[in-house]
Every structure is written in structure tokens, then in C-alpha cells.
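Remarks on the structure that follows.
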Amino acid sequence: QTVVTQEPSFSVSPGGTVTLTCGLSSGSVSTSYYPSWFQQTPGQAPRTLIYTTDTRSSGVPDRFSGSILGNKAALTITGAQADDESDYYCVLYMGSGIWVFGGGTKLTVL
Amino acid sequence: EVQLLESGGGLVQPGGSLRLSCAASGFTFSTYAMSWVRQAPGKGLEWVSATSGSGGSSYYADSVRGRFTISRDNAKNTLCLQMNSLRVEDTAVYYCAKKSTAAGDTGSIDYWGQGTLVTVSS
């Protein structure tokens, strides 16, 4: 079974730029996987940041952007702020109506 | 404003059943596919099921196929998840989610509800 991979943790300095990635245990991510990105803080419901690779969800600041980098989907946060400290999840479409989430990345801003 | 309000969670014994509901408002419900996603305590997100805008197509994760059934009532703007033969490992917060298109398969999630907790324990 294909596993969706994410960095378990990442840190960024306030004002800095960070790129989180979403890959496959076997193969390359392309736009055909319709990658999406979600932000979740403890005790809260997830919030959609990006869907279909690079479409920003309503109300999401343009500091967040999505792309394909090499063989992975990527979420780039520019000008990191303290309240960006959250868990970030990606999800990929595997075909036949099936979606698989990555394990999530815990982002620390310090 | 899109609003999704889940209900129906609670404590159930292994082997039991539970029916979750999600009341939707703020958008034309029948025009969009819907999905259920769950999160076990302290764990990551897990996609569970999805249905197309018409309700004519449904999809399930391997972990719940044959035990869970997704359905929708477009006249009542309500999404449901019937959960049978529940297992301890089904314990999680269950989130109702709206997709960005009518397509139940490829549509991406754009809005989330606040979730309802299901606990399966003896």
C-alpha cells in the first residue's frame, strides 16, 4: 500500500520561509493527485489552506502557496508568524475515489 | 457562510452501531460532494468516505468498507454516516467536510465541521 510521506517536524524563524513537502513511498506526486494542504492547531478542526495543488482556499493569506517541487507536492509559507505554529497535513488522491492523508508535519516557529 | 454541524457521536460498545449526522448551511448542498474524515486521539487525519453531490456515487476507505455507509438527503441538507460493527480502533473525532466540486471522487475538501467524538469501548 502506498504511503504518503511528510516531514514529522520542521522549525522556522519568525519572518522566515519554510517549505513542507508531501511525497509517496513509491512514485512521484503530480497534479493528477490533486494535492491539498490543511492546517490544524491543537483542539481545533482542520482548516483548508490549499487544494488542487495551488488553489488557495477562501480567506487564506497569500503567504501560503502550493506547488509541485520535483517529485513532491509542496507547501511554502513565507514571512512565518507565531500563529503559523500548527500541524500541517497533506492529502493525495489515489484513484477510484480513495484519498490518503500524510502523517502530518509539526511546525514550530521560533 | 458555510456551516457544517455534526451530531450523533457518543460512547458505544464494540460491535455496536452509531449514526452520525451533519447539518449543512450557507451553500447549495446538492451541488457539492461531501466527505467524512476522522482523527483518533493524538493521531493524524484519516479519510473515511465521500459521496457525490447527487449521492449516486460513494467511496470508502478499506478500513471501513462493508461496515460504514455514507448517505445524504439533499432536501434536508443533511449528510449521514451509518457506522455498524464498530471496533475499538474506530474511536476518533469524526469531521464532516464539504468538497469544492460535485465530484465525489476527485473533489477536494474546502470546508470542515467542528467534529463529533465517537468512543468505542466496553
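We did not get these values from a lab; they are worked out from the coordinates using the rules stated. These numbers were taken from a predicted model, which means no experiment stands behind them. FYI the Cβ positions are ideal-geometry reconstructions off the backbone, even for glycines, and counts take in every protein chain you see.
Computed quantities for the displayed model
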| read-out | value |
| --- | --- |
| Residue within the range B:77-87 that is within 14 Å of chain A (Cβ to nearest Cβ) and either within 17 Å of residue A:99 (Cα to Cα) or in contact (Cβ under 8 Å) with a residue 60 or more places away in the chain (or both) present | no |
| Leading residue by the ranking (farthest from the other protein chains (Cβ to nearest Cβ)) among those in the range B:97-122 that are over 11 Å from residue B:33 (Cα atoms) and not small (Gly, Ala, Ser) | B:120 |
| Residues of the range B:107-122 that turn out to be surrounded by 17 or more Cβ atoms within 10 Å (Cβ to Cβ) and not in a strand (DSSP E or B), as a count | 4 |
| Qualifying positions in the range A:35-49 - in contact with a Leu (Cβ under 7 Å, 6 or more places away or on another chain) and at the interface with chain B (Cβ under 8 Å from one of its Cβ atoms) | A:38, A:46 |
| Pair list, Cβ < 7 Å and 6+ apart or interchain, from the range A:32-48 residues that are under 11 Å from residue B:112 (Cα atoms) to residues that are of a type in the set (Val, Ile, Thr) | A:38/A:48; A:48/B:109 |
| Scope the range A:16-48; condition surrounded by fewer than 20 Cβ atoms within 10 Å (Cβ to Cβ), within 15 Å of residue A:86 (Cα to Cα) and among the small types (Gly, Ala, Ser); matching residues | A:43 |
| Residue tally, condition within 10 Å of another protein chain (Cβ to nearest Cβ) and part of a strand (DSSP E or B), over the range A:50-67 | 3 |
| Test: residue in the range A:26-44 that is more than 15 Å from residue A:107 (Cα to Cα) and touching a Lys or Arg at 6+ places or on another chain (Cβ under 8 Å) | yes |
| Residue within the range B:72-83 that is outside any strand (DSSP E or B), of a type in the set (A, V, I, L, M, F, W, C) and either surrounded by 15 or more Cβ atoms within 10 Å (Cβ to Cβ) or within 11 Å of the chain's Cα centre (by Cα) (or both) present | no |
| Pick from the range A:79-96, criterion surrounded by 15 or more Cβ atoms within 10 Å (Cβ to Cβ) and among the hydroxyl-bearing types (Ser, Thr, Tyr), ranking: farthest from residue A:64 (Cα to Cα) | A:93 |
| Matching residues in the range B:1-21 - criterion: being part of a strand (DSSP E or B) and either crowded, with 20+ Cβ neighbours inside 10 Å or on the phi > 0 side of the Ramachandran plot (or both) | B:4, B:6, B:10, B:18, B:20 |
| Top-ranked residue of the range A:84-110 - restricted to ones that are of a type outside the set (Asp, Glu) and assigned to a loop (DSSP other than H, G, I, E, B), ranked as nearest to the other protein chains (Cβ to nearest Cβ) | A:97 |
| Any hit, the range A:18-31, residues being under 22 Å from residue B:48 (Cβ atoms), away from chain B (no Cβ under 14 Å) and polar (S, T, N, Q) | yes |
